[in-house]
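Right, one structure below, let's go through it.
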Ligand SMILES: C[S@@+](CC[C@H](N)C(=O)[O-])C[C@H]1O[C@@H](n2cnc3c(N)ncnc32)[C@H](O)[C@@H]1O
């Protein structure tokens with residue numbers, strides 16, 4: 001860790017805890033451990049006799065969560081895993097169903113605040129990486145910028161972030177890389193600034209926020225993985241178990257909304273898509289919950305959070 005900031009401040013903790021309602025002896029799964037903030041709240045209430053299984057694909061998160069959760073001893077089981085493999089993790093542990101599953105999506109404050117990871121605008125010389133699991137191989141954000149066609153880049157940026165200036169940013173990127181291939185965060189910021197007129201830059205956030213988000217989503221294949229993971233999580237819920245998703249942008253929220261609606265028997269009606277399957281969950285949040293103004297004031301990174309939850313029938 002390169003700063004004195006807290007690893008991560010858990011978002012909407014009271015709301016999540018109330019909905020999940022962990023009980024002594026229960027078994028719950030935290031698919032996005034981060035610093036272990038939410039996991040600690042759950043673990044405390046699962047004692048005695050319960051289990052909290054925690055996953056994260058980022059090795060740094062597992063180290064930090066391991067420290068946070070050490071006081072809970074053998075209540076805790078941690079695994080380095082991408083959350084769409086949750087079924088295999090549970091199989092391996094001989095666990096059929098769980099009483100609660102939490103997804104707190106996106107990146108942690110630690111990941112954002114650590115320039116070497118390439119998610120932040122802070123250090124122009126930082127490598128443009130953005131992989132949540134750098135040891136796992138795969139392409140970096142710089143690789144995408146250097147190898148995709150201009151059209152592919154434009155589509156990627158627009159579809160993953162709704163960036164109005166996507167086509168122009170892609171054109172400027174394609175021109176720039178002929179001279180100097182992308183390597184650093186600063187090079188991408190320069191491109192976005194060059195492509196986006198000053199008057200078009202948002203006042204409340206960095207001009208490159210959307211472009212960074214789009215690349216991060218693509219590098220980590222976030223949207224495809226999320227859909228598969230939510231389906232598996234819903235399958236592994238015990239009767240009465242609760243599944244919670246905290247999302248931070250509309251694309252994630254839409255995936256949770258659609259999967260929950262289908263599972264609640266509220267999919268598209270008979271006709272074009274056929275008969276929706278019978279409901280296997282009840283919606284606990286018809287509209288997503290938002291953080292209280294006091295939480296946003298204390299932790300501005302909570303401002304875009306949206307919480308959706310379902311209970312297994
Ligand atoms: C917002 S943070 C979670 C913070 C945590 N709730 C806390 O209280 O500290 C999101 C975490 O999820 C992890 N993550 C994101 N996508 C993942 C995936 N597909 N599989 C596993 N972990 C993932 C990230 O590495 C990050 O540590």
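Does residue 20 satisfy the criteria of being surrounded by 18 or more Cβ atoms within 10 Å (Cβ to Cβ), within 13 Å of the ligand (Cβ to nearest atom) and over 17 Å from residue 302 (Cα atoms)? Spelling it out, residue 20 is indeed surrounded by 18 or more Cβ atoms within 10 Å (Cβ to Cβ), within 13 Å of the ligand (Cβ to nearest atom) and over 17 Å from residue 302 (Cα atoms).
From the list 33, 52, the one residue that fits, being within 10 Å of the ligand (Cβ to nearest atom) and not in a helix (DSSP H, G or I), is 33. Give the residue that is farthest from the ligand (Cβ to nearest atom), with candidates limited to residues of segment 213-228 that are in contact (Cβ under 8 Å) with a residue 40 or more places away in the chain and more than 17 Å from residue 133 (Cα to Cα). The extreme case among them is 214.
Among the residues in segment 206-224, are any more than 25 Å from residue 118 (Cβ to Cβ), at pLDDT 95 or above, under 24 Å from the mean Cα position of the chain (by Cα) and crowded, with 19+ Cβ neighbours inside 10 Å? No, segment 206-224 contains no residue that is more than 25 Å from residue 118 (Cβ to Cβ), at pLDDT 95 or above, under 24 Å from the mean Cα position of the chain (by Cα) and crowded, with 19+ Cβ neighbours inside 10 Å.
Every residue, every condition in (1) within 21 Å of residue 18 (Cα to Cα); (2) more than 16 Å from the ligand (Cβ to nearest atom); (3) loosely packed, with under 15 Cβ neighbours inside 10 Å; (4) assigned by TED's automatic domain parsing to the domain that holds residue 303, yes or no:
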site: 200; (1), (2), (3), (4): no, yes, yes, no
site: 245; (1), (2), (3), (4): yes, no, no, yes
site: 253; (1), (2), (3), (4): yes, no, no, yes
site: 257; (1), (2), (3), (4): yes, yes, no, yes
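The set of residues from segment 139-153 being more than 23 Å from the chain's Cα centre (by Cα) and either part of a helix (DSSP H, G or I) or closer than 21 Å to residue 118 by Cα (or both) comprises 146, 147, 148, 150, 151, 152.
The values are calculated or read from the model by the stated rules, or taken from the named source; none is laboratory data. These figures come from a predicted structure and were not determined experimentally. With ideal geometry, Cβ positions are generated from the backbone for all residues, glycine too; neighbour counts draw on all protein chains shown.
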